[in-house]
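One structure is given here, and the rest of the page talks about it.
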Amino acid sequence: CEAADREAFRAVYAVLQVLVFLPMLRKSLEAQQFIARLGDERSEFETRLLGSQPWGTFISPNSLAGFLVLALPFACGSIADAWRAKERPMALIAVRAITVIAGIVALVMTGSKGGWGAMGVAIGAAAVLFLAHRRPEKRRVILAAGLTILLVGLVGGWIATSTRVNSLQFRLEYAKAAVAAFMTEPVMGIGLGQYADAQPRYKSELQQETQKVHNDYLQILCELGILGL
């Protein structure tokens, strides 16, 4: 519960970031001078400063959304735990409820399609497991139906986005480069932190240069080989 409380306050900060801190920063002389020095070349700093998407304490709005998808269920669980206590700490419950509301607001503000997609999958999986638990005689049918719906949704999403360049396609290209590098040194790997140097040799015309595979398992497999994984 304490960990859920501590992490949930990141959501409160993310909301304040958009509503309070970024407007204050836009008015600061230092930020205006920095943007003026950039000229026509718009930087990531300027994009974030002038935008309305929070990133909290993370690298990007997508990263914040991913954190919230994982943290919000635990925050809700901490509220349920406090409510079931013999002496209900109403003040604590109220504070936790505020952080959950802030988390939902921050998730909306990020505009992350991946975050909402992950939240939808999580809610669907929870519903399937709940029904399977309540109806054990039909557990196999319910689990099979849930898996089928998931696969249909993934295929449909892939078809819907395959006609335009998107982050999923970039990630697949990053993964292909990691596999190609892994095949050169499958046992020991190419070396810790070496994907960034190897990736330009294996990347396609579609993908940009990157330092990370954006998949921890493939990163370890590529850099440390089968033994490291």
*Any idea how many residues of segment 34-43 are at pLDDT 70 or above and open to solvent by 90 Å² or more (accessible area, probe 1.4 Å)?*
1
*Does segment 51-59 contain at least one residue that is on the phi > 0 side of the Ramachandran plot, open to solvent by less than 50 Å² (accessible area, probe 1.4 Å) and either without any contact (Cβ under 8 Å) to a residue 24 or more places away in the chain or not in a helix (DSSP H, G or I) (or both)?*
yes
_Suppose we keep only residues that are open to solvent by less than 50 Å² (accessible area, probe 1.4 Å) and β-branched (Val, Ile, Thr) within segment 112-145. Which one would you say is farthest from Trp55 (Cα to Cα)?_
Ile142
*Answer yes if at least one residue in segment 72-95 is closer than 25 Å to Arg171 by Cα, outside any loop (DSSP other than H, G, I, E, B) and either among the hydroxyl-bearing types (Ser, Thr, Tyr) or within 16 Å of the chain's Cα centre (by Cα) (or both), and no otherwise.*
no
_Report every pair of residues separated by at least 6 positions or lying on different chains whose Cβ atoms are under 7 Å apart, first residue within segment 174-201 and farther than 13 Å from Val213 by Cβ and assigned to a helix (DSSP H, G or I), second open to solvent by 40 Å² or more (accessible area, probe 1.4 Å) and acidic (Asp, Glu)._
Pro200/Glu209
*Residue check, Phe67 against (1) part of a loop (DSSP other than H, G, I, E, B); (2) aromatic (Phe, Trp, Tyr); (3) open to solvent by less than 40 Å² (accessible area, probe 1.4 Å), all met but one. Which one?*
(1)
*With (1) without any contact (Cβ under 8 Å) to a residue 24 or more places away in the chain; (2) surrounded by fewer than 14 Cβ atoms within 10 Å (Cβ to Cβ); (3) farther than 30 Å from Val15 by Cβ as the list, and Ala80 as the residue in question, which single condition is left unmet?*
(3)
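The values are calculated or read from the model by the stated rules, or taken from the named source; none is laboratory data. Just so you know, these numbers come straight off a predicted model, no measurement behind them. Virtual Cβ from ideal backbone geometry, glycine too; neighbours counted across all protein chains shown. To get the accessible areas, we keep the full protein, side chains included, count just its heavy atoms, and leave off ligands, DNA and RNA. Shrake-Rupley method; radii C 1.70, N 1.55, O 1.52, S 1.80 Å.
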